[in-house]
Every structure is written in structure tokens, then in C-alpha cells.
Amino acid sequence: MSEILFEEVPSLDLADFTSGDAERRARFVQQLSDAYQNIGFIALRNHGLDDELTQRLYAATRKFFALPDEVKQKYEVPELAGQRGYVGKGKEHAKGRNTGDLKEFYHVGQNVTDNDPIKDEYPENIFPAEVPEFEEVTLEAYRKLEAAGKQVLKAIAINLGLDENYFDEKVHNGNSILRPIHYFPIEDPDSVPADAVRAAEHGDINLITLLMGASADGLQVLRRDGKWIPITALPEQVVVNVGDMLARLTNNKLKSTIHRVVNPPRELMHTSRYSIPFFMHPRSEMDLTCLESCIDAQNPKAYPDATAGEYLNERLVELGLKKA
């Protein structure tokens, strides 16, 4: 594999993979491999989300976050460790930091509709009565992003020399999260800690993340040579990046790249930014032990064995959402 220093995140078309055309499919897998082994991010077209659904989702998101703090806090349940409902301003911080990020967010989780016993592992979703449309539109977006994520995982499996259905049963009713985020306005920039940012540099916990186009710039990814590359998804794209669970499974063959959301210029600190990532998680019992095919003399095994559930729990403690 040749090392590539991308100047921007590569753009791929999921229709190439789902077309049934062997040549287009193989090209998609190769392009995905080049991107994920180098920068860990792609921008994806033809992912199944349409403009109308996206607009409805962002409208419901804005409507919820415009509610008074005391109303939003009705939907915050601390004993759920932020896994469902509202998480208030500054509650989450990046691994290794104590300063909270300048954001608030809402979590919508898996809606198990079959007789799968894993349903007992998941808390019930919490939806705001003040925004009745929030439930329908978030669950619809969840299903569309999950379906696109399953296709990307098939391409990843092929690239790793696995059966293309390798991830299917592992992500069926997986512990995935849709997270509408509000990076709230700062009217007085001097009133927040000097090191406070919208989202400090971090890697995602999960297998892959699908991020809908944000309402403003600010997302940056750290390239291998130390240069920060700005990422702006076009309206018809979602950004899809490798998470730490996939990096562990592949012994870092696929890169979970550090990224951040920087503050806007001081004169724009009083503006809001909205972003809606879908964090695709497997079932808790998935074994994240490094694949033997990804271990060799040059790349010795880098991680201890763990299940997805064990690793998620460890990370929630590090993020300040759960007590050790």
C-alpha cells in the first residue's frame, strides 16, 4: 500500500458499490481502502438520505435546542451515562482532558423491533414532548444511516479479505447512536475557559461514524504528517470515518484518525453550529480481538483482547459520562 497524504477527504459514490457491476464495486473497495489506510475519512454520495428528510431532521433539532435549559434538562437522565436523551452543556470532555466541550447533545439509540433478547441491554429511547416530530424523524434518519453503514462495512470486509457479510450479524440491532449536537452560541468569549473548544481533538469509539453535513465549518482531521485538514461535506454527502473499535479489530491497518471541531473566529462565537453524527456500534458481545491477518512482524498485536461492550464502558468513563 502506497502512503498518500490527502489534501482533502476523498469523495466516493456508494452507488458504485451497490450497482452490481463488478468493476465499479472493486473500484469502490480500492478507493475506500486507500482512504481508510491513510486518512481514515471519506465523503460519501448516494447514501440514502434525501434532502427532505435532512431538512426535517435539522428543523426538529433546532426546535429542541431552542427550548429553555430547564425544559431540556427534563430529558437528562444521569444514571443512563448519556446513552439516551439529553446531555447538557459542557458535560462531555475528550479523553485526557478535564475542560468540557462547548456543546450540548441528544442521544437516540437502537429501536429493537424483533424478539432479539439484546433489547434488554438497551434503555428505552426518550423523546421530547415539546417537539413531537423529533421521534419520527430521528428514528427514520437512524434507519437510513444504519443501512448505509452496513454497506460500507461490507466493502470494508471485502478489503480485509473477510466474507462480505462478516459484520452483518455483529451490527444487527447494534448499540448505535444518533447524536444531534448543538454547539451553542458564546455571547462573551472571555467567560469560558481559555482552552475550551467546541469539540477537543479525539477519536470516535465505534466501528464507523456517518456524519451528516454540518450547518457551519469547523471540523478538522489530523493528517499523518501533523497537518490539520478541514472537512466540509457537501449537502449531498455524508462523511464516514473509521472509529477506534475498527482500528482495534484491524490492528491499526484502518486508521481511526484524530479530529476536532474548532471554535469559529471570535466575531462568530455568538452563532450556533449544528451537527448530526451517527455512531455505528456493534452488539456488545462482538469480539474486538485483532484479526490474525492484520498482525505480522512489522505490525505486532497492539491491543489487549476485549469485547465491544467492555471497550465502550471503558471509554464512557474516560469521557466523564460514566463513573468508574
> Percent of accessible area on the chain owned by carbon and sulfur, 1.4 Å probe?
Replying inline: 49 percent
>> At 0.36 nm per residue, and after removing the present C-alpha to C-alpha distance, how many nm does the segment from Ala59 to Ala297 gain when stretched out fully?
In response: 80.5 nm
> Do the sum for the chain: with -39,500 (n - 2.57) for every DSSP H run of n ≥ 4, divided by all residues, what is the mean residue ellipticity at 222 nm, to the nearest 500 deg cm²/dmol?
Replying inline: -8500 deg cm²/dmol
> Applying 1/(1 + (r/R0)^6) with R0 = 22 Å to the Cβ-Cβ distance of Glu310 and Ala147, what FRET efficiency is obtained, to the nearest 0.05?
Replying inline: 0.20
> Mind listing P(r) for the chain? All alpha-carbon pairs, 20 Å bins, whole percents.
Replying inline: 32, 61, 7
> Could you give the angle, 0 to 90 degrees to the nearest 10, between helix 22-38's Cα long axis and the longest principal axis of the Cα atoms of the chain?
Replying inline: 60 degrees
> Working out 0.36 nm times the residue gap between Leu5 and Glu23, then minus their Cα-Cα distance, what length gain in nm do you get to one decimal?
Replying inline: 3.9 nm
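Please compute the net charge surrounding Asp120, taking Lys and Arg as +1 and Asp and Glu as -1 over other residues with Cβ under 14 Å from its Cβ.
-3
Could you work out the local net charge near Leu210, counting Lys and Arg as +1, Asp and Glu as -1, over the other residues with Cβ closer than 10 Å to its Cβ?
Once positives and negatives cancel, what remains is 0.
How large is the charge dipole for the chain, taken about the Cα centre, if only the Cβ atoms of Lys, Arg (+1) and Asp, Glu (-1) carry charge, to the nearest 20 debye?
Rounded to the nearest 20 debye, it is 540 debye.
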> Roughly what angle does helix 308-318 make with the longest principal axis of the chain, taking Cα atoms, 0 to 90 degrees, to the nearest 10?
Replying inline: 40 degrees
> Under a 1.4 Å probe, what is the accessible area of the chain per residue, stated in Å²?
Replying inline: 45 Å²
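When each pair of different Cα atoms in the range 245-324 is counted once in the 1/r mean, what is the Kirkwood radius in angstroms, to one decimal? Intermediate results must be reported in sequence, preceding the final value.
Numbers: mean 1/r = 0.0648 Å⁻¹.
For the range 245-324, inverting the mean 1/r across all distinct Cα pairs yields 15.4 Å.
By per-residue mean of other Cβ atoms within 10 Å, what is the highest-first order of 110-117, 150-157? Mind dumping the intermediate values first?
Numbers: 110-117: 12.0, 150-157: 20.6.
Listed from highest to lowest mean packing, they are 150-157, 110-117.
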> In degrees between 0 and 90, to the nearest 10, how far off the longest principal axis of the chain does helix 133-159 point, with axes built from Cα atoms?
Replying inline: 20 degrees
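Grab the beta carbon distance between Asp69 and Leu268, set R0 = 22 Å, and tell me the FRET efficiency rounded to 0.05.
Values: r = 22 Å, r/R0 = 1.01.
After rounding, the FRET efficiency stands at 0.50.
If R0 is 30 Å, what FRET efficiency do you get for Asp225 and Leu162 from their C-beta distance, rounded to 0.05?
Numbers: r = 30 Å, r/R0 = 1.01.
The value I calculate is 0.50.
The values are calculated or read from the model by the stated rules, or taken from the named source; none is laboratory data. What you see is a predicted model, and the numbers here were worked out from it, not measured in a lab. Cβ sites come from the backbone with ideal geometry, for glycine too, and all protein chains shown count toward neighbours. Just the protein is used for accessible areas: all its heavy atoms, side chains included, with ligands, DNA and RNA removed. Shrake-Rupley method; radii C 1.70, N 1.55, O 1.52, S 1.80 Å.
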